[in-house]
Amino acid sequence: MTPTEAVGADVILEVRDLRLHFPIKAGLLKKTVGYVKAVDGVSFSVYAGETLGLVGESGSGKTTIGRCIVRLYKPTTGIMRFRTKAGLVNIAELDKRELQPIRRDIQMLFQDPNSSLNARMRVGDIIAEPLDIHAIGTAAERRTRVEDLLEHVGLGAEMYNRFPHQLSGGQRQRVGVARALSIEPRLVICDEPVSALDVSVQAQVLNLLSDLQEELGLTYVFIAHDLSVVEYISDRVMVMYLGKLMETAPTRKIFERPTHPYTEALLNSIPKRIRGGHRKRYVLAGDIPSPVNPPSGCVFHTRCQYAKDICKTETPPLQPLPDDPETSVACHLAEEVTLQPYYTAEERRVLEADRA
Ligand code: SF4
């Protein structure tokens, strides 16, 4: 896509051919001797009001994409068109000053509430900091806003003067949520926001994020290494491997009809949760290869149980399935091999009946 091509009115962020290659420096003169291809030609759209799950192992490039969107990193190449009130803006090429007004619209919620909150600041001041940076409201208005936010995230205004160490992990992440929402962003990049929390607390924070999304009309990009976490919160899922997109589909289809062998392997790593459920487990062998020298052809071929000769030499393009344009997959054999789903449609009905 070129910068002049149309973007649908329901798209809040359009990413095209995004690449971030970190140079590797060596020697006295710090010469560039290679590149870490953290993100390598990724294209996708984020629709207003949806949650887009971004999933893959450590080293897949998912967090790097999140950091590019909030412009903690400047992409090497590519376009990221964000819909502002004034129209579409390619945030990939903006400088620090031009980015300032856009930072109000795009916020990041970090993984570890322990390290992302300043231990020496009181909770109220932590949440008010973005309001101070953007000079929003008077001191009294900021105080009222922070107290409202504390109520909204289920902490209560009495937490205003506490320090982070006086809170539980779940409470600290709620402070992180309140801080990210304080300046009323439209797009929130959630970077593994529940990974550091106990399972029981994870569900509370996921429910909080869902409720706030509905109430405030937020759009989320939700990054996780585990498909089971994104299942409950995401409308669509993108599966990444070694800086590339392997598959993208509505969440239900990912679980009922995976079309990429890597998606199948990720689903296999989740314990089956339904009554009487069992599955033949295929465990993914080895580690993710180095992004400095990624495998030729399909980057997944060194770990794929279905790989054929063509997979070693030709890179499969990401393309929609002929019978299902909602699903796109990068696999030479997508229409040949039948992969094992996590649920059959019947098993999902049983699970939903159990939950009800
Ligand atoms: Fe496996 Fe080949 Fe498909 Fe890659 S293209 S996922 S190696 S079958």
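The values are calculated or read from the model by the stated rules, or taken from the named source; none is laboratory data. Since this is a predicted model, take the numbers as computed values, not measurements. Because the Cβ atoms are built from the backbone with ideal geometry, glycine has one as well, and the counts that use them run over all protein chains shown. What goes into the accessible areas is simple: the full protein's heavy atoms, side chains included, and nothing from ligands, DNA or RNA. Shrake-Rupley method; radii C 1.70, N 1.55, O 1.52, S 1.80 Å.
Numbers for the structure displayed
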{"quantity": "Simple spin-label estimate for Ala345 and Arg122 in nanometres, 7 Å along Cα-Cβ", "calculated": "5.8"}
{"quantity": "Karplus-derived 3J(HN,Hα), 6.51/-1.76/1.60, for each residue of region 124-132, Hz, glycine and proline x", "calculated": "x, 5, 4, 5, 7, 4, x, 5, 5"}
{"quantity": "Longest to shortest principal axis, alpha-carbon extents of the chain, angstrom", "calculated": "67, 60, 45"}
{"quantity": "Computed lengthening from Glu141 to Ile102, 0.36 nm per intervening residue step minus Cα-Cα distance", "calculated": "11.8 nm"}
{"quantity": "Integer Hz, Karplus 6.51/-1.76/1.60 couplings in order for region 336-341, x for Gly and Pro", "calculated": "9, 8, 9, 9, 7, x"}
{"quantity": "Distance in nm between pseudo-label sites at Ala26 and Tyr73 (7 Å out along the Cβ direction from Cα)", "calculated": "2.1"}
{"quantity": "Dipole-positive endmost among Gln111, Phe255, Gly217 within the chain (Cβ charges, Cα centre)", "calculated": "Gln111"}
{"quantity": "Estimated [θ] at 222 nm from DSSP helical runs (n ≥ 4, -39500 (n - 2.57)) normalised by residues in the chain, nearest 500", "calculated": "-9000 deg cm²/dmol"}
{"quantity": "Alpha-carbon radius of gyration plus Dmax, which is the widest Cα pair, for region 258-356 in Å", "calculated": "15.8, 49"}
{"quantity": "Reference-scaled alpha-carbon Rg (2.2 N^0.38 Å with N residues) for region 10-122", "calculated": "1.21"}
{"quantity": "Fluctuation leader among Gly34, Gly124, Gly49 - the chain, Gaussian network, Cα springs under 10 angstrom", "calculated": "Gly34"}
{"quantity": "Theoretical gain in end-to-end length, Asp287 to Lys85 [0.36 nm per residue, Cα-Cα removed]", "calculated": "68.3 nm"}
{"quantity": "Net dipole in debye of the chain [+1 Lys, Arg Cβ; -1 Asp, Glu Cβ; about Cα centre; nearest 20]", "calculated": "1120"}
{"quantity": "Cα-Cα P(r), region 160-309, percent of pairs per 5 Å interval", "calculated": "2, 7, 15, 17, 17, 15, 11, 9, 5, 2, 1, 0, 0"}
{"quantity": "Residues of type lysines that Lys96 reaches as a straight line, Cα spacing below 17 Å, ignoring anything fewer than 8 places off in the same chain", "calculated": "Lys74"}
{"quantity": "Three-way shape call for region 49-195 based on the alpha-carbon gyration tensor, with the a/c threshold at 1.5", "calculated": "oblate"}
{"quantity": "Angle in degrees between helix 345-355 and the longest Cα principal axis of the chain, rounded to the nearest 10", "calculated": "30"}
{"quantity": "Sorted peptide list for 166-176, 334-344, criterion being average Cβ within 10 angstrom, highest first", "calculated": "166-176, 334-344"}
{"quantity": "The chain - percent of accessible surface contributed by carbon and sulfur, probe 1.4 Å", "calculated": "51"}
{"quantity": "Candidate lysines - alpha carbon under 23 Å from Lys308, same-chain residues fewer than 8 apart omitted", "calculated": "Lys244, Lys280"}
{"quantity": "Inter-site label distance for Asp148 and Ile310 at 7 Å from Cα along Cβ, in nm", "calculated": "5.8"}
